[in-house]
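Data block below; observations after.
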Amino acid sequence: KAEMNFVKLNGPSFSNFLIIKGRDLQSVLETEERIKQNYKFFSLSEILPSLKMQKQRQGLIADLFKNRADMIKKILELDEKPMFEKTDLITVSSFKKLFGESLFNQFIFNDNGMVLSVIPLTEKINVSEENVFVVNPQAQITEQLNHYTSEGYFYLGVSFISLFIFLLLVYKRKALMYILPSFMGVSLTVAVLSICGYAITFFHLLSLFIVVGLSMDYTIFHFDKDNKDKLRPVLYSFLTSFISFGIFSFVC
């Protein structure tokens, strides 16, 4: 959910995302800073350091002033030694007030009481820490669709076998005549797509189930009605089905 929201906000420019999960924002920021010691990526901690990091930096600056005070006084010709004055820590509220809430929400999401940091990656990283994940939404979706495609082939075959058994029970010797047009329609569709170099995807298989259902209805209606009664209703049914399902061809 978090990674998909980030894609909506920023566009699908990145294929890999680093997701850091924590109980609160500070633990997430500290994890970001620890990982950034070995890898380069832009994250929220770049502009909103953790409170722990801010205090460490303030301590380093204070030590610098303390150790170099005499030299600074001499160089700048000051009357008194310069004193380090602590600046206010950057909090979430002050960050949002300065940069806006939208920038904060591009990186941080809340999910069931947990804080998630979603970071786009421009290079591969290998992190083996608890609550730290590297995900590739595009690869995951492709893998899932390939799995559904394999299952679609299986259930399409099961559908044909089930329909044929049902037709045998109802229509006896006419069963083969009723199922043959559907089988030929599906086979012809797969053959044309293969010849044209198109891979059979999950969405093609969904359309094939529609082909089987419609062609089975038309076939039974065709053979069980008199010629004078069948033309007009079959034609109207075909046109409505063709228009309604044909619209999906133009959906991006």
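The table for this structure:
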{"item": "Packing-based ranking, highest mean first, of 198-210, 17-29 given that Cβ atoms within 10 Å are counted", "result": "17-29, 198-210"}
{"item": "For a label point 7 Å along the Cα-to-beta-carbon line of Ser128, residues of the stretch 18-35 with backbone N under 18 Å", "result": "35"}
{"item": "The stretch 29-143, accessible surface, carbon-and-sulfur percent (1.4 angstrom probe)", "result": "51 percent"}
{"item": "Probe 1.4 Å, protein heavy atoms only - accessible area per residue of the stretch 86-152 in square angstrom", "result": "68 Å²"}
{"item": "Largest to smallest accessible area among Ile220, Ile90 [probe 1.4 Å]", "result": "Ile90, Ile220"}
{"item": "Qualifying GluC sites (Glu not before Pro) in the stretch 70-127, DSSP loop, other Cβ atoms within 10 Å at most 12", "result": "Glu77, Glu80, Glu85, Glu123"}
{"item": "Surface per residue (accessible, 1.4 Å probe) for the stretch 185-225, Å²", "result": "60 Å²"}
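The values are calculated or read from the model by the stated rules, or taken from the named source; none is laboratory data. Remember, predicted model here, so these are calculated numbers, not experimental data. Positions of Cβ are backbone-derived with ideal geometry, glycine not excepted, and every protein chain shown enters the neighbour counts. To get the accessible areas, we keep the full protein, side chains included, count just its heavy atoms, and leave off ligands, DNA and RNA. Shrake-Rupley method; radii C 1.70, N 1.55, O 1.52, S 1.80 Å.
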